[in-house]
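In what follows, a single structure is set out as structure tokens and then discussed.
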Amino acid sequence: MDRAATAEKIAALIAPFNKKGIAVTDATSFAGDLEFDSLTVMDFVAEIEDAFDIIISMNQQAEIETYGQLVDAVVKLQG
Amino acid sequence: MTDLFSKFDPIIAQRAGLLATGITDPFGLVMEQVISPTVALCNGRETILLGTYNYMGMTFDPDVLAAGKQALDDFGAGTTGSRCLNGTYSPHKDCEEALKTFYGMDHAMVFSTGYQANLGIISTIAGKGDYIILDIDSHASIWDGCKMGDAEVVPFKHNDIDAMEKRLKRIPEGAGKLVILEGVYSMLGDIAPLKEMIAIAKRHGAMVLVDEAHSMGFIGPNGRGVAEDQGCLDDVDFVIGTFSKSVGTVGGFCVSNHPKFEIMRLVCRPYVFTASLPPSVVATAATSIRKLMHAADKRAHLWANSRTLHQGLRDLGFQLGTAEPVSAIISVIMPDLERGAAMWEALLHEGLYVNLARPPATPAGMTLLRCSLCAMHTAEQVQTIIGMFERAGKKIGII
Ligand SMILES: Cc1ncc(COP(=O)(O)O)c(C=O)c1O
């Protein structure tokens with residue numbers, strides 16, 4: 001899946017977690033802008049993992065702060 | 001200068017806010033005198049202990065105390081050394097023999113605490129390029145063991161067999177895999193479906209570590225824990241345990257049948273770079289462990305206590321962590337931290353000590369009053385406890 005398609009699929013998965021309905025850009029941060037707490041992060045990561053059939057380990061999660069970084073990471077993890 | 005402590009401001013404020021309501025500090029309790037495994041003097045008041053994890057009431061067992069006193073006289077107050085250097089005395093070896101017999105396993109390694117056992121074993125056996133797959137509700141010592149090592153850490157939803165299997169399937173071919181589970185999860189007192197989970201882990205070529213801290217001594221036909229109870233202990237590669245609960249003293253251990261297990265004594269840093277337990281402590285532990293092998297009556301009484309308390313609290317209308325009593329922990333779910341703390345204090349005034357647990361130690365942001373039963377609680381004490389919960393619950397407006 002290319003970056004655009006991956007980004008679109010992730011955006012759709014973020015929607016139900018985007019409680020305030022803010023506009024999501026590559027720079028949108030999960031903790032700051034989307035106000036994800038640790039429980040939300042767990043549920044959200046599980047959804048992404050299942051949707052793309054990948055693993056995003058905690059070690060990798062630590063490097064991902066924004067939507068753009070997540071898209072890049074998922075593109076890479078899909079190989 | 002940046003004050004390195006400013007990161008603690010939110011918790012300092014939360015704590016100050018709670019104490020400003022005039023409540024007794026739930027994390028500042030001092031026991032002035034301990035009368036028995038189930039009763040202590042707190043603030044001058046005789047208090048029933050229902051939050052000590054002293055499941056089998058071994059802390060004042062006369063044989064256990066005698067063994068400790070003898071070892072104090074024979075070996076002194078402490079070893080002043082690492083297990084690898086001058087810190088292994090015959091009582092340490094004897095304690096490891098007791099553990100091997102208790103679990104029917106080939107190897108046993110005693111650590112200074114259970115925390116260090118998890119820290120040491122996990123961070124040492126799972127290295128760079130390996131994968132750890134663990135339950136999201138794992139104990140802090142398990143998480144810290146993961147953090148200290150170099151493996152990739154992959155959590156899955158609590159007790160969710162499918163979520164675990166999906167993640168196992170996605171791990172790259174050929175990578176080393178360690179699945180970490182607990183027998184009893186101490187926050188809600190629920191147990192893991194170990195039989196199914198371990199079968200899946202094995203099918204995917206993973207090694208399995210099970211922390212049985214809260215099951216030793218009373219779950220399973222021989223008190224070996226939840227894995228024994230579910231008939232899958234033979235498939236567990238590493239059992240982690242502690243002396244700080246059923247055994248009634250302090251210390252931690254790992255038992256295993258892995259043929260190369262003994263090398264851990266040289267490569268496991270939280271074993272090597274710390275002093276060994278005092279000989280009196282391991283002597284009390286060894287005596288206690290051997291007595292736990294023949295404690296069927298006490299076990300039966302502990303289970304009866306657990307069932308009575310669970311039923312009694314449920315009948316009063318409290319919300320509990322498990323639908324049925326499946327361990328010696330009965331967790332009472334509080335509506336929020338304020339009322340949880342108020343309930344905790346009301347119980348203390350009644351003369352009952354329970355554990356107040358709050359986020360981040362608890363799952364899903366819950367505030368819990370955790371009750372851990374003891375085989376030495378009498379049936380009358382359990383009824384007294386239920387009465388205390390009723391009065392306190394009504395006073396605070398929870399029931
Ligand atoms: C599941 C679990 N593992 C390990 C530990 C650590 O045990 P210890 O008190 O011996 O450090 C505890 C208890 O605190 C625990 O609940």
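Applying 0.36 nm per residue to the separation of B:Lys260 and B:Arg45 and subtracting their alpha-carbon distance, the gain on full extension is 72.2 nm.
Size of chain B from its Cα atoms: along the principal axes, largest to smallest, the extents are 58, 56, 54 Å.
Between the residues B:Gly252, B:Ala206, B:Thr367, the greatest Cα displacement towards the positive end of the dipole of the protein assembly as shown, with unit charges on the Cβ of Lys, Arg, Asp and Glu, is found for B:Gly252. Taken residue by residue and averaged, Cβ atoms of other chains lying within 10 Å of the Cβ of A:53-62 number 5.
Each residue of the range B:131-140 was assigned a 3J(HN,Hα) from its phi angle through the Karplus curve 6.51 cos²θ - 1.76 cosθ + 1.60 (θ = phi - 60°); the sequence is 10, 9, 10, 9, 5, 5, 8, 5, 4, 3 Hz, with glycine and proline shown as x.
Our note on the geometry: Cα centres of the range B:271-327 and the range A:2-79, 42 Å apart. Take the Cα radius of gyration of the range A:3-77 and divide it by 2.2 N^0.38 Å, N being the number of residues; the result is 0.98. Coupling constants for the range A:63-79 follow from the phi torsions by the Karplus curve (6.51 cos²θ - 1.76 cosθ + 1.60, θ = phi - 60°), and in residue order they are 8, 9, 10, 10, 4, x, 5, 5, 4, 4, 5, 5, 4, 5, 5, 6, x Hz; glycine and proline get x. Ignoring aspartates and glutamates fewer than eight residues from A:Lys20 along the same chain, the ones with Cα atoms less than 20 angstrom from its Cα are A:Glu8, A:Asp33, A:Glu35, A:Asp37, A:Asp43, A:Glu47, A:Glu65. Rounded to the nearest 20 debye, the dipole magnitude of chain B is 260 debye, with +1 charges on Lys and Arg beta carbons, -1 on Asp and Glu beta carbons, and the Cα centre as origin. Would the range B:278-399 count as rounded, prolate or oblate if I go by the C-alpha gyration tensor, calling it rounded below 1.5 in a/c and otherwise prolate when a/b exceeds b/c, oblate otherwise? It is prolate, given that a/c is not under 1.5 and a/b is the larger ratio.
Once each part is reduced to its C-alpha centroid, what is the distance from the range B:178-214 to the range B:373-399 in angstrom? Each part's Cα centre sits 32 Å from the other's.
Remark on B:Val34: its backbone amide H falls under 5 Å from those of B:Leu41, a criterion applied only to residues 5 or more positions apart or on other chains, H modelled at 1.01 Å from N.
Counting only chymotrypsin sites (Phe, Trp or Tyr not before Pro) that are in a DSSP loop and have at most 14 other C-beta atoms within 10 Å, tell me the longest site-free stretch of chain B.
With a cap of 14 other Cβ atoms within 10 Å, the longest stretch comes to B:28-272.
Looking at the square roots a ≥ b ≥ c of the eigenvalues of the Cα gyration tensor of the protein assembly as shown, which shape do they give, rounded for a/c under 1.5, prolate if a/b is larger than b/c, or oblate? Judged from the Cα gyration tensor, the protein assembly as shown comes out oblate (a/c at least 1.5, b/c at or above a/b). Computed from point charges on the beta carbon alone (+1 for Lys and Arg, -1 for Asp and Glu), the dipole magnitude for the protein assembly as shown about its Cα centre is near 660 Debye.
Kindly identify the range B:353-399 as rounded, prolate or oblate by the Cα gyration tensor criterion: order the square roots of the eigenvalues as a ≥ b ≥ c, call it rounded if a/c is under 1.5, otherwise compare a/b with b/c, prolate if a/b is larger, else oblate. Judged from the Cα gyration tensor, the range B:353-399 comes out oblate (a/c at least 1.5, b/c at or above a/b).
Basic side chains Lys and Arg get +1 at the Cβ, acidic Asp and Glu get -1 at the Cβ, and with that the dipole of the range B:61-292 about its Cα centre reaches some 420 debye.
Per residue, the range B:61-292 exposes an accessible area of 37 Å² to a 1.4 Å probe, with every protein chain left in place. Only protein heavy atoms count here, probed at 1.4 Å, and on that basis chains A and B bury about 1100 Å² of accessible area in total.
Filter the cross-link list A:Lys9/B:Lys157; B:Lys128/B:Lys169; B:Lys93/B:Lys128; B:Lys93/B:Lys245; B:Lys7/B:Lys147 down to pairs whose alpha-carbon distance in this structure exceeds 26 Å. Checking Cα-Cα distances, B:Lys93/B:Lys128 exceed 26 Å.
The values are calculated or read from the model by the stated rules, or taken from the named source; none is laboratory data. Just so it is clear, the model here is predicted, and its values are computed rather than measured. Every residue, glycine among them, receives a Cβ derived from its backbone with ideal geometry; neighbour counts consider all protein chains shown. Quick note on the areas: whole protein, heavy atoms, side chains included, nothing else; ligands and nucleic acids left out. Shrake-Rupley method; radii C 1.70, N 1.55, O 1.52, S 1.80 Å.
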